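Undergrad: A single structure is presented below for examination.
Computed from the coordinates by the stated procedures, all read-outs in this text should not be read as laboratory data. Because the structure is predicted, anything quoted here is derived from the model rather than measured. Every residue, glycine among them, receives a Cβ derived from its backbone with ideal geometry; neighbour counts consider all protein chains shown.
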Amino acid sequence: MRVVLLQLPIQGHDFFFSRENIPLAAAYLKTIGVQEGIEVELVPRSLMSYGSDQAILRFLLDARPDMVGMSCYLWNVDRSLFLARQLKCQLPECTIVLGGPEMTLDNEYVLRSQGFDIGVIGEGESVWRTLLQSYPHVPEVPGLLSRGEDGRLYSAGKDRLRHGTLEHWPSPFLSGALDPHLDGVLWLETVRGCVHRCAYCYYHKQSPTLRSFPLDRILEEIRRALGRGLKEIVFLDPCFTKRPGLEVLLDRLGTINADGRLHFSAECNVEDIDPAMAKRMGKAGFTDLEVGLQSIKASTLRRVHRRFRPERFLNGVRSLQENGVKVMVDIIAGLPGDTLPDIRRSIDWVVEHEAYDFLMLYPLSLLPATELRQRAQELGLGAMPHPPYLVTRGPGLSAREISAAFHYYEECMEEDISPLETPPGLGGRSEGSTFPEGLRHTLRWHTPEQVKRLSPYRERTAYALTVSMAGEVLRQPSLWVPVLKDYLNSSPFSLLSAEVPPGVFPESLEPLWQLARERRHPTDFDYTVTHTPYRSFLVFSRSRGLLWKWPDPRESDRMVLSDGQEVSFHPVCLVAAPQKKLPPWFRDHIAERYPSPPEIRIWEPPDDRP
Ligand code: SF4
C-alpha cells in the first residue's frame, strides 16, 4: 500500500508563504504510517509548496498511490478540492482523504463537494491509524466521514471523538519526517487544546482540554533544531502563557539557548504576563509575541467570550518590551456589536497608548463549526458562503464600513496593510537561490517564436507565473491568448503576472484584462484590500529604476458581494520607487495614457519594509 500526503500553501506572487508551508499534520500521519509498516511519503517540498496545479497532479499520478491525504485550511481548500477531483477522474481507484479545520459536520461547502472519499474531522492521528490498519475497509469510527451508496458523506461513528494523551504520537522532527520541509524555522506544538472559548474559533471545540507533549521530547526537538542550524522556533500553542509548566519550560529554554542563537515566538494573552514572566521569556530567547486584543468594547468582547483589562494589558506589553520582546497586537474588524467607530476606537486605543510594536487588523471570518457561524442569524452577522467566509455585515456594520476600517488602519499606521508581492522574475524576495530548481516561475516571450504552447512544460511550472512580453508579442494577442487560456484552464489556481513594455497604452492591455475577467480565484475575494482586490492576475512594467502595477479596469467597477452589497474601489497604479520618491516623468507618463489618471500610490513590497 502506498500513501501520499500533502498540504498546499498560502499563495502569493512572491512565494513568501511557500517557505512557511510546513506540513506538520501530514508529518504526524507519516510517522504513524511508518509505525504501521506502510509506505507513506509527503509530496516533495518544491512541488507541494511551489508547484502549479498540474505539476502537483503529475507527481500524484506518476506515484500511483492507493491513498492520498490532504490537509485543508481556509486558504487551500478550493485548490485541494480541485486537485482531489482531478485525481479522482484520472485515478478512480485511489482513495482520497481530506482532513483539517475545513472538515466539519456543518461545512456544507466542503461536504457538498465530490472528488474525495473520506473526511477526517478534528485531530486525525488515531482515526488515521485505524484507517490504515483496516484499509481497504473503511472503519466505522467517530471522527470519520465516508460516502454512502448515494454518494453522500455520512458520519461513520455515533459517539463524539475523545482525544487521548499525546505521548503516543511520534515526533515528526525527531524522526526526520519534516526535515526536507524546514527552511530556517521550526514550527512546534508543545500542547494541544485551549482553555479559552472565543466564539469565532473552532479549535477549542474540537480540543477543549489542554494536553501537553512530554517536556523531554520538546527539549530534544529544540536541541536538534539548534544542532541543525535553525534560527527560529515558532510555538504553535494557541495560548502559550496557559501551557502547564510554562516556567519550567522557559527556564530550560534559557539554558539550551544561553547564547541567544535561537529566536522564539508564540501567541498568548498578554494580560497573563507579569514582570517576572516577561523577564523569563526575554532570558529564554523570546523575541516576538502575538497577542489578541480584538476589540476594546466590553459588550462585543462578552459576546465572543473574551475580556480586556486595560491596565493588565498595558503592563504586559510594557514588561515584554522592557525585556526585548516585540509585541504584535491583533484587532478584528467585524465582531458582532462593533460598529465602524468602535473598530476605530480599538485602533486608536492601541496607538495612543503605544501598546504595540506591530499592529494588525484582520477581517473576521465565520469559520465552519464556530459558535459565531452557528449563531450568525441571531447575532445579525452575514458572511461569504465560500472560503474565506469573510463577514460582510454585522448589526450596525456594512461591508463598506468594514472596508473603511482597513482604510482607517492605513491612515493611522501610514502603511499598506496588505502590500502587493513582487514576483521573483521582477526582483521579488524569492528570486535567486531560495527558489527551488526544476520549476519555472518566469517565461520570456521576447519574439513571437518564443510563444510556444505551454502544455509541454506546464507540469514544470510554479503556481505563480510571470510572462515577460515584448511589444511585438503583446500586439499579437491571437498568438498568446489561447496559450495562456489553455494554461489557466489546466491550472486554474495559478497566479499570473505579465510584464509589458513601459511605453504601452492601456488599450493594448485589454486582451490581458479580458483573460483576468474570465477567472475566479480565491485570492480575489478579499474586499478589505484597500488598493485592489484583484490580485490573482497582475500587469507590471519596469523603467528607469521604477516597477509599477498597471491599474486593473475592474477597479473602476463596484465589487458585488454574495449578499448583494457593493464595495467601491478606484483605479490605482502602485509604484515601487527608490527611496519612495516618484520622479516627475512618471506622473506625465501615466497622465498621457489616461483621460482621467488613476491614483498613483507608492508601493513598498513586503520585503522592502522594515
Ligand atoms: S485563544 Fe485562540 S485557540 Fe483559544 S479559543 Fe481563542 S482563538 Fe481559539
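Undergrad: If you average the sequence gap of Cα pairs under 8 Å that are 6 or more apart and divide by the length of the stretch 2-155, what percent do you get for the contact order?
TA: The value is 21 percent.
Undergrad: From the phi angles alone, apply the Karplus equation (6.51, -1.76, 1.60; θ = phi - 60°) to the stretch 352-367 and give each ³J(HN,Hα) in whole Hz, x where the residue is Gly or Pro.
TA: 5, 8, 6, 9, 6, 9, 10, 10, 10, 10, 10, x, 7, 10, 8, 6
Undergrad: From the phi angles alone, apply the Karplus equation (6.51, -1.76, 1.60; θ = phi - 60°) to the stretch 519-531 and give each ³J(HN,Hα) in whole Hz, x where the residue is Gly or Pro.
TA: 9, 9, 10, x, 4, 8, 8, 7, 6, 8, 5, 7, 9
Undergrad: Grab the beta carbon distance between K581 and E354, set R0 = 35 Å, and tell me the FRET efficiency rounded to 0.05.
TA: That pair, K581 with E354, gives E of 0.75.
Undergrad: Then there's this: In what sequence do C194, C72 fall when counting other Cβ within 10 Å, fewest first?
TA: C194, C72
Undergrad: Quick one: grab the alpha carbon gyration tensor of the stretch 46-184, order the square roots of its eigenvalues as a ≥ b ≥ c, and give me rounded if a/c is under 1.5, else prolate or oblate depending on whether a/b is larger than b/c.
TA: Oblate, because a/c is 1.5 or more while a/b does not exceed b/c.
Undergrad: Which percent of the Cα-Cα distances in the stretch 370-425 go past 17 Å?
TA: Taking all Cα-Cα pairs of the stretch 370-425, the fraction more than 17 Å apart is 55 percent.
Undergrad: Counting only Cα atoms, I'd like the Rg/Rh figure for the chain, Kirkwood definition for Rh.
TA: Using Cα coordinates only, the ratio equals 0.96.
Undergrad: May I pose another question? Under the classification rounded if a/c is under 1.5, otherwise prolate if a/b is larger than b/c and oblate if not, where does the stretch 184-413 fall, given a ≥ b ≥ c as square roots of the Cα gyration tensor eigenvalues?
TA: In terms of gyration-tensor shape, prolate.
Undergrad: Fewest first, what order do M103, M559 take by the number of other Cβ atoms within 10 Å?
TA: Ranked by crowding around the Cβ, least crowded first: M559, M103.
Undergrad: Another question about this same structure. Would you calculate the separation in nanometres between label points at R197 and E311, each defined as 7 Å from the Cα along the Cα-to-beta-carbon direction?
TA: Taking the two extended label points, one gets 2.7 nm.
Undergrad: How far apart, in nm, are the 7 Å Cα→Cβ label points at Q35 and D526?
TA: Each label point lies 7 Å from its Cα, and together they span 3.7 nm.
Undergrad: Give the long-range amide H neighbours of S497: residues separated by 5 or more places, or on another chain, with amide H under 5 Å away, using H modelled in the peptide plane at 1.01 Å from N.
TA: So S497 has HN proximity to L465, T466, V467, L538.
Undergrad: Further question: Indicate the gyration tensor shape class of the stretch 303-401 (rounded, prolate or oblate), computed on the Cα atoms with a ≥ b ≥ c the square roots of the eigenvalues: a/c under 1.5 is rounded; otherwise a/b larger than b/c is prolate and the rest oblate.
TA: It is prolate, given that a/c is not under 1.5 and a/b is the larger ratio.
Undergrad: Here's another thing I want to ask about it. To make sure I understand the rule: partners must be lysines, Cα under 25 Å from the Cα of K205, and not fewer than 8 residues away in the same chain. Which ones qualify?
TA: Here the lysines satisfying the reach criterion relative to K205 are K158, K242, K297.
Undergrad: What distance in nm lies between label points placed 7 Å from Cα along the C-beta direction at N489 and L182?
TA: 4.5
Undergrad: OK, next. Sorting I347, I256, I56 on the 10 Å Cβ count, fewest up front, what's the list?
TA: Result, fewest neighbours first: I256, I347, I56.
Undergrad: Karplus couplings for the stretch 243-248 from phi (6.51 cos²θ - 1.76 cosθ + 1.60, θ = phi - 60°), rounded to Hz, Gly and Pro as x?
TA: 6, x, x, 4, 5, 5
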